[in-house]
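Student: One structure is given below, represented as structure tokens, and several questions about it will come after.
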Amino acid sequence: MARVSQEHLDARRRQILTGAARCFAGNGFHGTSMQDVLKEVGLSAGAVYRYFTGKEELIAAIAAEAFGRIGGAFEQAADLTPPPAPDVLLGRVLRGALDGGMYGLERRACAMLVVQVWAETMRNEHLATALGEGYAAMRAAWVRLVEAYREAGAMTSDVPADDVARTMIAAAQGFLAQEALFGGVGPEVLENGLRGLMSMDPQKIS
């Protein structure tokens, strides 16, 4: 009997995850059954269970990829030298996280999947730990970014760097939530909004 190549195994695993992600994005983790996944991927139960023992393992695998994709986009942006302005930087992060289609999903479906992963961490201790570790890494990376802004003379030092980092991350998270809930919120919306806020003259409103 011919051995199945690792490339074939990886492709089949990806096929299953892609089908599961489509189901989860449309119906939620708990509104999707394994029968739904089997129908979506067009495989037998035996073929799917060879790779995943059940829905919980599928959720964990998809969550891990979502964490890695978003965290990687944040950390890659934080390593840019010199760092671009916050509006440009956050736009780049969001395009890196959502464009290119995680599991072949459109932008809103990607955002919906990310928000469902966040919600799942509230009931799954393992996912909560993974999300916490990823968030801590993102904060540390963006603290370095804030320090780079200060070294370049582009930002004052009267606000804790961690506060600035958390606020920038929150802006990206808020964008993802809006896109998931309402759709039609391209990264350029966040870029334009931040650019407008950055243009304010504090002396005229104090």
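None of the figures in this text is laboratory data; all of them are computed from the coordinates on show. Keep in mind the model is a prediction, meaning the values are calculated, not measured. Methodologically, a virtual Cβ is constructed for each residue, glycine included, from the backbone with ideal geometry; neighbour enumeration extends over all protein chains shown.
Student: Given labels modelled 7 Å from the Cα in the Cβ direction, how far is it in nm from Arg50 to Asn27?
Tutor: The modelled label-to-label distance comes out at 2.4 nm.
Student: Right, another one. How big is the gap, in Å, between the Cα center of the stretch 1-63 and the Cα center of the stretch 162-206?
Tutor: 36
Student: Same structure, new question: If each residue of separation counts as 0.36 nm, what is the full-extension length gain between Arg13 and Ala136 once their alpha-carbon separation is subtracted? Mind showing how you got there, number by number?
Tutor: Values: separation 123, 0.36 × 123 = 44.28 nm, distance 2.96 nm.
That works out to 41.3 nm of additional length.
Student: With springs connecting C-alpha atoms under 10 Å apart, model the chain as a Gaussian network and identify which of Thr18, Thr156, Thr121 has the largest mean-square fluctuation.
Tutor: Thr156
Student: P(r) tail for the chain, what percent of Cα pairs lie past 22 Å? List each step's numbers first, then the result.
Tutor: On the way: 11631 of 21115 pairs.
When all Cα pairs of the chain are counted, 55 percent exceed 22 Å.
Student: To the nearest 0.05, how large is the calculated FRET efficiency for Ala64 and Met200 if R₀ is 45 Å and r is the Cβ-Cβ distance?
Tutor: Details: r = 40 Å, r/R0 = 0.89.
The formula returns an efficiency of 0.70 here.
Student: Using a 10 angstrom cutoff on alpha carbons, build the Gaussian network for the chain and name the most mobile of Arg166, Arg139, Arg123.
Tutor: Arg123
Student: Grab the eigenvalues of the alpha-carbon gyration tensor for the stretch 163-206, scale each by 5, take roots, and send me the semi-axes largest first in whole angstrom.
Tutor: Details: eigenvalues 108, 37, 13 Å².
Calculated on Cα positions only, the semi-axes equal 23, 14, 8 Å.
Student: Given only helices, namely DSSP H runs of n ≥ 4 each adding -39500 (n - 2.57), what is the per-residue ellipticity at 222 nm of the chain, to the nearest 500 deg cm²/dmol? Can you show the working numbers first?
Tutor: Working: 9 runs with 147 residues, N = 206.
It lands at -24000 deg cm²/dmol.
Student: Would you mind classifying the stretch 1-81 by shape? Square roots of the alpha carbon gyration tensor eigenvalues, ordered a ≥ b ≥ c; an a/c under 1.5 is rounded, otherwise it is prolate if a/b is larger than b/c and oblate if not.
Tutor: On the way: a/c = 2.97, a/b = 1.44, b/c = 2.07.
Because a/c hits 1.5 or more and a/b fails to exceed b/c, the stretch 1-81 counts as oblate.
Student: A follow-up question, please. Hey, got the dipole for the chain? About the Cα centre, +1 on K and R Cβ, -1 on D and E Cβ, debye to the nearest 20?
Tutor: On the way: 20 positive and 24 negative charges, 125 e Å.
Result for the chain is approximately 600 debye, rounded to the nearest 20.
Student: Considering the chain as a Gaussian network with a 10 Å cut-off on Cα pairs, which listed residue, Ala141, Ala171, Ala152, attains the greatest mean-square fluctuation?
Tutor: The residue with the greatest mean-square fluctuation here is Ala152.
Student: From Cα pairs below 8 angstrom and at least 6 apart in sequence, can you work out the relative contact order of the chain, rounded to a whole percent?
Tutor: Working: 167 pairs, mean separation 47.3, N = 206.
Reported relative contact order: 23 percent.
Student: What is the stretch 81-144 by shape, rounded, prolate or oblate, if you read a ≥ b ≥ c off the alpha carbon gyration tensor as root eigenvalues and call it rounded for a/c under 1.5, prolate for a/b larger than b/c, and oblate otherwise? Don't skip to the answer; put the middle values down first.
Tutor: On the way: a/c = 2.98, a/b = 1.22, b/c = 2.44.
Oblate, because a/c is 1.5 or more while a/b does not exceed b/c.
Student: Which of rounded, prolate, oblate describes the stretch 86-190, given a ≥ b ≥ c as roots of the alpha-carbon gyration tensor eigenvalues and a/c under 1.5 marking rounded, otherwise prolate only if a/b is larger than b/c?
Tutor: Because a/c hits 1.5 or more and a/b fails to exceed b/c, the stretch 86-190 counts as oblate.
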